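Colleague: Right, I'll just put the structure down here and ask away after.
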Amino acid sequence: MSLDQIALNFLSENTFIVLLAVFIIICILLGVRIVPQSEKFVVERFGRLRSVLGPGINLIVPFLDKVAHKISILERQLPNATQDAITADNVLVQVETSVFYRILEPEKTVYRIRDVDAAIATTVAGMVRSEIGKMELDEVQSNRTQLISQIQKLVESAVNDWGIEVTRAELLDVNLDQATRDAMLQQLNAERARRAQVTEAEGAKRAVELGADAELYAAEQIAKARRIAADAEAYATGVVAAAIADNGMAAAQYQVALKQVEALTALGSSAGSQTVVVPSSAMDAFGDAFKMLKGVSK
């Protein structure tokens, strides 16, 4: 065998080995897929769904399988959207919303919906209009938490077939037109005036009640004083009655005669009285008094 043939055979064998090595390297590169933690890979074989690769090192069949979609599983935020809605009491409001979601099942998201963001935004807008239409304006303003919770629940059920989880829904603002704001301001002023009148009326009523309580207290104190005086008088009367019972009728007659003498003496000693006209009964009283005094001295 000539040197040319030997060199040709050597080159042929080396070329085969090189090509085999290149083929093996290509197979390894095509068959090994390293998936980041924040993504999932959708693998197709001949145009059909084969599998979904999770984070880490994954093996696929080279030349048969291919990674058709790389889907981020991080939480996403839709752009803030503003839509008009009409409340149950026919008030036009502008509602600004924001929605956060993430993809849980990429195979559903890829093969069932084309534009995920637009689909979710449309769904949220419809749910917001529907729920606000069931509530009056005051309820929308005061029950935002309940409204947001209900909207999030409805959106979750609507996008469940798309392999999506709605993590949060926010109702950022509820705006009113100028005419409605003016009407609400007038209503607020009227309510304040009504409360002021009610407060004033309650104050007047309380003043009357306090005055009546004061009069009642005064009457009770007067009655109490009279009752005490009556008790004292009754006590004095009881003492006199007891003295009469103990000392007889003479003591009582003596006190009466003494009082009569004292009265006549005071009448005679008054200024400007030169002549005193005394009835005959008074003279009898003097006589009785002297007799009783004489008897007492004995």
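Colleague: Of all residues in segment 102-137 being over 24 Å from L49 (Cα atoms) and not in a helix (DSSP H, G or I), which is farthest from the chain's Cα centre (by Cα)?
Modeller: Checking each candidate, the answer is G133.
Colleague: Please name all residue pairs, on different chains or six or more residues apart, with Cβ atoms under 8 Å, provided the first residue is in segment 32-43 and is more than 13 Å from L104 (Cβ to Cβ) and the second residue is among the acidic types (D, E).
Modeller: V42/E107; V43/D65
Colleague: Could you grab me the full set of residues in segment 49-75 that are outside any strand (DSSP E or B), farther than 10 Å from G31 by Cα and free of Cβ contacts under 8 Å to residues at least 60 places away in the same chain?
Modeller: Within segment 49-75, G54, P55, I73, L74 meet the criteria.
Colleague: With the requirement that a residue be more than 15 Å from N160 (Cα to Cα) and out of contact with any Leu (no Cβ under 7 Å at 6 or more places or on another chain), what does segment 123-134 give you?
Modeller: A125, G126, V128, R129, S130, I132, G133, K134
Colleague: Of the residues A230, A196, only one is surrounded by 10 or more Cβ atoms within 10 Å (Cβ to Cβ), free of Cβ contacts under 8 Å to residues at least 60 places away in the same chain, in a helix (DSSP H, G or I) and under 47 Å from the mean Cα position of the chain (by Cα); which?
Modeller: Criteria check complete, one pass: A196.
Colleague: Identify, by number, the condition in (1) part of a loop (DSSP other than H, G, I, E, B); (2) of a type in the set (S, T, N, Q); (3) surrounded by 15 or more Cβ atoms within 10 Å (Cβ to Cβ) that N90 doesn't meet.
Modeller: In the conditions (1) part of a loop (DSSP other than H, G, I, E, B); (2) of a type in the set (S, T, N, Q); (3) surrounded by 15 or more Cβ atoms within 10 Å (Cβ to Cβ), N90 misses (3) alone.
Colleague: Only one of L29, L64, L49, L53 is of a type outside the set (K, R), more than 28 Å from G163 (Cβ to Cβ) and not assigned by TED's automatic domain parsing to the domain that holds T109; which?
Modeller: L29
Colleague: I'd like the full set of residues that are surrounded by 14 or more Cβ atoms within 10 Å (Cβ to Cβ) and charged (D, E, K, R), limited to segment 32-69.
Modeller: Of everything in segment 32-69, those that are surrounded by 14 or more Cβ atoms within 10 Å (Cβ to Cβ) and charged (D, E, K, R) turn out to be R33, E39, K40, E44, R45, R50, D65, K66.
Colleague: Which of the residues belonging to segment 138-179 are part of a helix (DSSP H, G or I), under 26 Å from the mean Cα position of the chain (by Cα) and not aliphatic (A, V, I, L, M)?
Modeller: Within segment 138-179, D138, E139, Q141, S142, R144, T145, Q146, S149, Q150, Q152, K153 qualify.
Colleague: Determine which single condition A81 fails, assuming it passes every other condition in (1) assigned by TED's automatic domain parsing to the domain that holds T167; (2) at pLDDT 90 or above; (3) surrounded by 15 or more Cβ atoms within 10 Å (Cβ to Cβ).
Modeller: Condition not satisfied by A81: (2).
The values are calculated or read from the model by the stated rules, or taken from the named source; none is laboratory data. What you see is a predicted model; the values in this text were computed from it and never measured. Backbone-built Cβ (ideal geometry, glycine too); neighbour counts: all protein chains shown.
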